[in-house]
Amino acid sequence: MAEQMKSRRTLFIAGGTGTLIVAALAAAALAPRVGAADAAQPPAERPGTAAEVDPWSAGEDAPVTFSGDVASILQRRCQACHQVGSIAPMSLVTYEETRPWGPLIRDRVTKRIMPPWHLDRDRGIQAFANDRSLTDEEIATLVRWVDAGMPEGDPAELPPPVEWPDGRNFALYERLGPPDLIVRSDPYDVPATGQDAWWRPTVETGVERPRWVRAAEVKPSYPDGRKVVHHTLVTLLQSEEGITGLASSAAGAVGSPGLLTEWAIGKVGEVYPENTGKLLLPGSRIRFEVHYSTMAGIEVPDNQVELGLWFYPEGVTPKYRTILRFFNIAGDSELEIPPHTLTTHSNSYVIPAPARLESFQPHMHMRGRGMSMEALYPDGRKELLNIVSAFQWKWHNNYIYAPEAAPLLPAGTVLQFTAWHDNTASNPANPDPDQYVTWGDRTVDEMAHAWVGITYLEQADFDRLAAERAAARDRVAANR
Ligand code: HEC
């Protein structure tokens with residue numbers, strides 16, 4: 001098996017306007033669907049959970065039915081992806097569609113592989129704006145339904161079907177109207193069968209004056225694009241000295257404006273906080289990275305992904321420029337993952353100015369096992385902000401903090417990142433534990449970095465927000 005895997009080669013094919021990467025091993029991992037998913041990495045064992053053999057099966061005896069209990073959970077948590085025409089391999093809308101999947105649903109939800117939300121729920125911040133995970137109660141309901149033999153119940157109790165937004169429009173259309181600018185990726189022919197591909201064209205934005213972006217959304221074409229676009233990253237490329245337009249407290253900050261936005265199925269665009277935006281300069285270009293999957297088995301010629309941008313009115317400058325910062329944990333020669341080992345790499349960064357963290361997105365490949373982000377505050381306290389200990393390489397989830405929970409970091413805070421890779425045979429996603437793995441683009445190479453949304457704040461605003469937080473905490477404590 002190992003020999004066979006070793007003989008596969010990942011191809012790099014340079015295209016006219018972009019670079020196409022066909023990752024043979026990525027497709028191999030996707031191909032036998034049930035088998036591959038069966039082998040998906042279980043959540044890391046944590047102290048305390050091992051003893052409870054199957055914590056989900058214990059519970060009350062009240063009858064659970066599809067119509068009365070399960071359908072509404074599927075609507076809330078699953079159907080954005082599990083409906084005809086969306087990216088998941090099967091629809092979970094009707095009873096007939098759902099019933100055959102009962103046992104597999106039980107497996108995936110109790111392991112918290114589905115819905116894709118792989119952040120540890122017992123450590124770190126838990127309030128997110130885009131949380132799609134199941135509550136413990138919802139999991140218990142699904143488990144009781146499956147264990148009871150998946151009864152249908154009375155169809156009269158079914159909740160009304162969800163009216164999904166018209167896929168031809170941007171999801172933000174209803175709230176903001178049509179976008180001010182649409183940038184399209186160069187067309188790509190998606191074949192009906194074959195390997196996954198990462199399509200990376202670069203496209204001019206064409207803006208002639210600096211424009212502040214107040215909302216952004218990425219949209220695959222409808223209906224076919226939605227079936228083949230797994231995720232899209234959108235990076236802003238523009239030349240500027242450092243990062244202009246930051247809070248005066250962060251005037252010296254260096255780096256690049258990084259990712260503009262990112263899309264994965266189920267996401268509905270992002271509207272930046274009040275008086276906050278991203279800056280597009282004349283000459284700016286957009287670099288798309290579209291992960292195409294052939295899971296749907298349909299041919300989609302000339303496929304394009306659209307980036308919709310909503311601007312602040314011309315002449316209006318929001319107070320804060322928010323950026324998506326790249327934190328490398330180990331790159332190039334620093335990332336060394338010998339055969340049959342578990343490795344740990346760590347790196348830390350001093351945050352130069354008062355900041356609010358808006359989001360956390362770990363990035364690794366097939367040997368990625370986990371990643372954490374910790375804050376070492378100037379007063380000596382250390383806090384685990386978040387940890388993903390059961391990383392699933394096919395899902396690059398972006399965890400967006402709820403406004404009341406977004407970490408506030410005083411200037412001088414050290415952000416410490418740790419990444420774990422598992423190059424042993426016990427990692428089911430590992431294509432070949434005999435390989436010496438280093439940094440590289442292909443999914444069979446590795447990476448270890450985090451994308452973190454950061455807004456640097458003026459000291460006075462930071463102090464006000466910190467005081468509001470402290471007051472809220474005191475209120476909660478007083479009510480206990
Ligand atoms: C964000 C999109 C998304 C959401 C939300 C989602 N799924 Fe999935 N699901 C997928 C995709 C895509 C796959 C195919 C395997 C993969 O890529 O991980 C999948 C695979 C599965 C599988 C395994 C099927 C197989 O053939 O191996 C099960 C079972 C499943 N999902 C159940 C659920 C349930 C139950 C929910 C809601 C509680 C849910 N999913 C929510 C996208 C989603």
Test each condition in (1) more than 16 Å from the ligand (Cβ to nearest atom); (2) under 25 Å from the mean Cα position of the chain (by Cα) for Asn398 and report the one that comes out false. (1)
Quick check: is even one residue across region 176-189 surrounded by fewer than 18 Cβ atoms within 10 Å (Cβ to Cβ), at pLDDT 95 or above and not assigned by TED's automatic domain parsing to the domain that holds Tyr312? no
Examine region 233-244 for a residue that is more than 17 Å from Asn303 (Cβ to Cβ) and surrounded by 22 or more Cβ atoms within 10 Å (Cβ to Cβ), and state whether such a residue exists. yes
Specify the residue that is farthest from Glu270 (Cα to Cα); the eligible residues are those in region 107-125 that are touching a strand residue (DSSP E or B) at 6+ places or on another chain (Cβ under 9 Å) and more than 8 Å from the ligand (Cβ to nearest atom). Arg123
Out of the helices (runs of 4 or more DSSP H) lying entirely within region 89-182, which hold 3 or more residues that are over 30 Å from Leu408 (Cβ atoms)? 95-98, 102-110, 136-147
Tell me whether region 408-426 contains one or more residues that are within 16 Å of the ligand (Cβ to nearest atom), outside the structural domain of Val234 (by TED's automatic domain parsing) and in contact with a strand residue (DSSP E or B) (Cβ under 7 Å, 6 or more places away or on another chain). no
Pick from region 84-99 the residues that are near the ligand (Cβ under 10 Å from one of its atoms) and surrounded by 17 or more Cβ atoms within 10 Å (Cβ to Cβ): which of them is modelled with the lowest pLDDT? Ile87
When region 118-128 is examined, which residues are found to be touching a Phe, Trp or Tyr at 6+ places or on another chain (Cβ under 8 Å) and surrounded by 18 or more Cβ atoms within 10 Å (Cβ to Cβ)? His118, Leu119, Ile125, Phe128
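The values are calculated or read from the model by the stated rules, or taken from the named source; none is laboratory data. Predicted, not measured: the structure shown is a model, and the values here were computed from it. Cβ coordinates were reconstructed from backbone atoms using ideal geometry, including for glycine residues, and neighbour counts include every protein chain displayed.
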